[in-house]
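The values are calculated or read from the model by the stated rules, or taken from the named source; none is laboratory data. Quick caveat: nothing in here was measured; it's all calculated off a predicted structure. All Cβ positions, glycine included, derive from the backbone under ideal geometry; neighbour counts span all protein chains shown. Accessible surface areas use protein heavy atoms only, side chains included; no ligands, DNA or RNA. Shrake-Rupley method; radii C 1.70, N 1.55, O 1.52, S 1.80 Å.
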Amino acid sequence: MSKFSRIAVILVIIIIVVAWAVYPRLDDFTGSGSNDAIAATASRGPSALPVNVSVVQPKYIENKIKVTGSILPNESIELKSEVSGLVTKVHFKEGQQVKKGELLISLKDDELKAQLEKLKYSNQLAKETEGRQKQLLDRGAISQEEYDISLTNLNTTSADIRLLEAQLDKMSIKAPFNGTLGLRQISEGAYITNGTVITSLYSLNPMKVDFAIPGKYAGNVKVGNRISFGTDASLDTFEGEVYAIEPKIDETTRTLRLRALADNKSNQLMPGQFAKIELVMESIEDALMVPAVSVIPELNGHKVYISKGGKAASVPVEIGIRTDEEVQILKGVEPQDSVIISGLLQIRPGSAVQINSVRD
């Protein structure tokens, strides 16, 4: 055997010995270790999705809508005279509070008073004449016709007196109801007609709140509904109660007009003010509310995900009232259910979930 052949045989033997020594360890490293890792991974299963939940609790809610409206006086008129005449006396001050029947304006009435005095004398004479004629008729000294003439004369003068007294009463302009007077438009010595505005009179407590709501809510409102409202002139919130509802929906705006009464003892409300109104249409004592973010719209309705036994369950629901942050659930969930409110894009029915936080 040549020298080269002997060297080749020795190298082959060395390689076989090294391979025999290394192979068992390599098998332990690559085979047994990998199997253990695979077994450990399989034993852990898929990882749970961390989520936040809200626990369903019955709560009191109010079904409200927000609209705008106007503040109106309870009563208001422009004071005018029924007759023409010369103003002889102004009995009020601008902005004064007056009582019903209080004298405000006097017109010149000298001629009417003189005519009334004359008629009273004529009436007194007619009364005495009728009395004498009555005695004569009882004795048969005069005919029934003669007595009837005297009685008619008496009745005529009495009616004329009542007419003049009514005309005289119109020469004194009085407050028709309790209220606050506005600015005066006439002065003493002015000649006014039945179209002349003297001043305005307002009844300011209570105040009326005039507003309109969309026609679709017509079936949800009734007399007695409460409102709360604010104005630009005050930071306070005022309360009122609906007392009248227009029995017709406006064909142009498709809205329904309502009026409420609000207390104004503090005199903070003024006619013509703009009002931001919240109308309480319904109060519910034990509504089941969930965060609006948890309600998922579907083709045929809505659904929520509930955490049960570490799994996510899809539940179809029927919704009711919506608020800014919550939705009422009419059917589908029960008190104490844990409604999932996060990770909704990753969740599938039956997904494993892990609760991170709970919101009541």
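Residues that are farther than 30 Å from Asn264 by Cα, of a type in the set (A, V, I, L, M, F, W, C) and either in contact with a helix residue (DSSP H, G or I) (Cβ under 6 Å, 6 or more places away or on another chain) or open to solvent by less than 20 Å² (accessible area, probe 1.4 Å) (or both) are absent from the range 201-220. Taking (1) open to solvent by less than 80 Å² (accessible area, probe 1.4 Å); (2) modelled with pLDDT under 90; (3) more than 19 Å from the chain's Cα centre (by Cα) in turn, Asn194 satisfies each apart from (1).
State all residues of the range 274-286 that are at pLDDT below 90 and either surrounded by 17 or more Cβ atoms within 10 Å (Cβ to Cβ) or over 21 Å from the mean Cα position of the chain (by Cα) (or both); if no residue qualifies, say none.
Within the range 274-286, Met281, Asp286 qualify.
The set of residues in the range 222-244 that are hydrophobic (A, V, I, L, M, F, W, C) and either over 25 Å from Ile284 (Cβ atoms) or open to solvent by less than 80 Å² (accessible area, probe 1.4 Å) (or both) comprises Ile227, Phe229, Ala233, Leu235, Phe238, Val242, Ala244.
Residue-wise test of (1) in contact (Cβ under 8 Å) with a residue 12 or more places away in the chain; (2) closer than 30 Å to Ser76 by Cα; (3) over 55 Å from the mean Cα position of the chain (by Cα).
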position: Ala114; (1), (2), (3): no, no, yes
position: Gln124; (1), (2), (3): no, no, yes
position: Lys127; (1), (2), (3): yes, no, yes
position: Gln135; (1), (2), (3): no, no, yes
position: Tyr147; (1), (2), (3): yes, no, yes
position: Leu154; (1), (2), (3): yes, no, yes
position: Thr180; (1), (2), (3): yes, yes, no
position: Leu183; (1), (2), (3): yes, yes, no
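Going through (1) open to solvent by 80 Å² or more (accessible area, probe 1.4 Å); (2) within 27 Å of His91 (Cα to Cα) one by one, Ile173 falls short only on (1). Within the range 302-311, being open to solvent by less than 40 Å² (accessible area, probe 1.4 Å) and either of a type in the set (Ser, Thr, Tyr) or at pLDDT 90 or above (or both) holds for Lys303, Val304, Tyr305, Ile306, Ser307. Just the residues that are in contact (Cβ under 8 Å) with a residue 24 or more places away in the chain and not in a strand (DSSP E or B), please, taken from the range 84-111. Scanning the range 84-111 gives Ser84, Phe92, Lys93, Glu94, Gly95, Gln96, Lys99, Lys100, Gly101, Glu102, Lys108, Asp109. Scanning the range 331-350 for residues that are touching a residue at least 40 places away in the same chain (Cβ under 8 Å), open to solvent by 20 Å² or more (accessible area, probe 1.4 Å) and assigned to a strand (DSSP E or B) yields one hit, Ser338.
Gln167 meets each of the listed conditions (1) open to solvent by 50 Å² or more (accessible area, probe 1.4 Å); (2) under 30 Å from Gly95 (Cβ atoms) apart from (2). Taking the listed residues Val304, Val293, Val317, the one that is closer than 30 Å to Val358 by Cα and outside any strand (DSSP E or B) is Val293, with no other qualifying. Pairing each residue of the range 160-174 that is under 21 Å from Glu102 (Cβ atoms) and part of a strand (DSSP E or B) with any residue that is among the hydroxyl-bearing types (Ser, Thr, Tyr) and at pLDDT 90 or above, provided the two are 6+ apart or on different chains, yields C-beta distances under 6 Å for Ser172/Ser106; Ile173/Ser81. For the range 250-270, the tally of residues that are surrounded by fewer than 16 Cβ atoms within 10 Å (Cβ to Cβ) and of a type outside the set (Gly, Ala, Ser) stands at 10. Take the conditions (1) part of a helix (DSSP H, G or I); (2) in contact with a helix residue (DSSP H, G or I) (Cβ under 7 Å, 6 or more places away or on another chain); Glu117 misses just one of them, which is (2).
The listed residues are Leu107, Leu86, Leu103, and the only one of them that is crowded, with 17+ Cβ neighbours inside 10 Å and at pLDDT 90 or above turns out to be Leu107.
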